[in-house]
Ligand code: 13P
C-alpha cells in the first residue's frame with residue numbers, strides 16, 4: 001500500500017484561502033508513489049472540491065463528522081453530506097477535539113463506524129499526553145484508544161480505516177517524537193490491529209503526526225511500520241507542503 005500524507009489545516013483557511021492553496025499546490029511537482037490528502041474545515045470543502053476540477057490529488061479529507069445520517073443535530077455534519085464533496089478520508093478523535101470539545105473514545109468509535117458504513121475512510125487519531133508518557137502509561141493509553149475506536153470497524157477494502165499516532169506532547173511544539181520512539185508505538189498499534197483482524201502489518205496504515213516537517217519526513221517514512229504522516233503546521237504553505245511530499249518519496 002502507498003504511504004499516505006495528510007495535510008491537516010486545522011482551523012485555518014476559509015473557502016477563499018482554501019481555493020488559493022489548492023491552486024498553488026497543484027503547481028507543485030508531486031511524487032506518484034504517495035497518496036496525498038488535505039483535511040479542510042467543513043466550510044472550505046466545496047472550494048477545495050471545485051478548485052481541484054478533475055484532478056484527484058490531493059484527495060479530500062474532512063476534520064470531523066457526526067455519526068447520525070440526518071436529524072435534529074444542530075451544527076453537525078453527516079457522512080453522507082461529506083460524500084457530496086467526494087470526501088475520501090475524515091479525521092476522527094483529533095487530540096484537539098478530545099481536549100477542547102470533550103470527545104470520548106465512545107464518540108470516536110461511533111464516528112469511525114458511521115464513516116466506514118458510508119464509504120469514507122476514518123483516520124482515527126490517538127496519542128498520549130506528556131504526563132501519561134512520564135508515568136509509563138503511554139502504551140496502555142494508546143492501546144485502549146485504538147481498541148475502543150475499532151469496536152465497530154471492519155477491514156474494508158472500500159473504506160480502509162487508518163490510525164494516526166499523534167503524541168500530544170509533540171503536536172505543534174516543534175518537539176518531534178523520534179522515528180525510533182514513534183516506531184515503538186506503531187509496532188504496538190499494529191499488534192493491537194493484528195489481534196482483532198489478523199491482518200498483516202502494512203494492510204492497515206498507521207501514520208505518524210507531531211511536528212513533521214520537510215527536513216524530518218523521510219526519517220519517519222523510511223521506518224518500517226510508519227505508513228505515512230499527518231501534518232499540521234508544515235502543511236499551511238502549499239509550496240513547503242509540496243517540498244515535504246517530495247522529501248517523503250522513497251529514496
Ligand atoms: P503539527 O504538525 O503542527 O505538530 O500538528 C500535528 C497535528 O496535530 C496534525 O493533526
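What the table below lists for this structure:
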item	result
Only one of 71, 19, 14 that is farther than 24 Å from residue 97 by Cα and either buried (at least 18 other Cβ atoms within 10 Å of the Cβ) or modelled with pLDDT of 95 or more (or both)	19
Residue within region 1-15 that is closer than 15 Å to residue 162 by Cβ, out of contact with any helix residue (DSSP H, G or I) (no Cβ under 9 Å at 6 or more places or on another chain), in contact (Cβ under 8 Å) with a residue 12 or more places away in the chain and within 16 Å of the ligand (Cβ to nearest atom) present	yes
Answer from 157, 172, 136, 144 - the residue that is over 28 Å from residue 48 (Cα atoms) and either within 16 Å of the ligand (Cβ to nearest atom) or assigned to a loop (DSSP other than H, G, I, E, B) (or both)	136
Subset of region 192-227 (residues that are on the phi > 0 side of the Ramachandran plot and surrounded by fewer than 16 Cβ atoms within 10 Å (Cβ to Cβ))	198, 202
Region 180-220, residues that are more than 17 Å from the chain's Cα centre (by Cα), in a helix (DSSP H, G or I) and either farther than 23 Å from residue 150 by Cβ or within 16 Å of the ligand (Cβ to nearest atom) (or both)	180, 181, 218, 219
Exclusive hit being in contact (Cβ under 8 Å) with a residue 12 or more places away in the chain and under 21 Å from residue 211 (Cα atoms), set 55, 130, 109	130
Residue that is within 15 Å of the ligand (Cβ to nearest atom), in contact with a helix residue (DSSP H, G or I) (Cβ under 9 Å, 6 or more places away or on another chain), within 23 Å of residue 29 (Cα to Cα) and modelled with pLDDT of 95 or more, where the choices are 234, 248	234
Residue 48 being without any contact (Cβ under 8 Å) to a residue 60 or more places away in the chain, in a helix (DSSP H, G or I) and within 17 Å of residue 18 (Cβ to Cβ)	yes
Restricting region 36-58 to residues that are buried (at least 19 other Cβ atoms within 10 Å of the Cβ) and touching a strand residue (DSSP E or B) at 6+ places or on another chain (Cβ under 6 Å), the residue that is nearest to residue 221 (Cα to Cα)	36
All positions within region 82-98 that are more than 17 Å from the chain's Cα centre (by Cα) and farther than 23 Å from residue 35 by Cβ	none
Sole exception among (1) more than 16 Å from the ligand (Cβ to nearest atom); (2) outside any loop (DSSP other than H, G, I, E, B) for residue 100, by number	(1)
Residues of region 234-251 classified as in contact (Cβ under 8 Å) with a residue 60 or more places away in the chain, surrounded by fewer than 18 Cβ atoms within 10 Å (Cβ to Cβ) and closer than 24 Å to residue 125 by Cα, total	2
Criterion (in contact (Cβ under 8 Å) with a residue 40 or more places away in the chain, assigned to a loop (DSSP other than H, G, I, E, B) and within 16 Å of the ligand (Cβ to nearest atom)) met by exactly one of 65, 38	65
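The values are calculated or read from the model by the stated rules, or taken from the named source; none is laboratory data. On a predicted model such as this, the values are computed, not experimentally measured, just so you know. Reconstructed Cβ throughout: ideal geometry from the backbone, glycine too, with neighbour counts over all protein chains shown.
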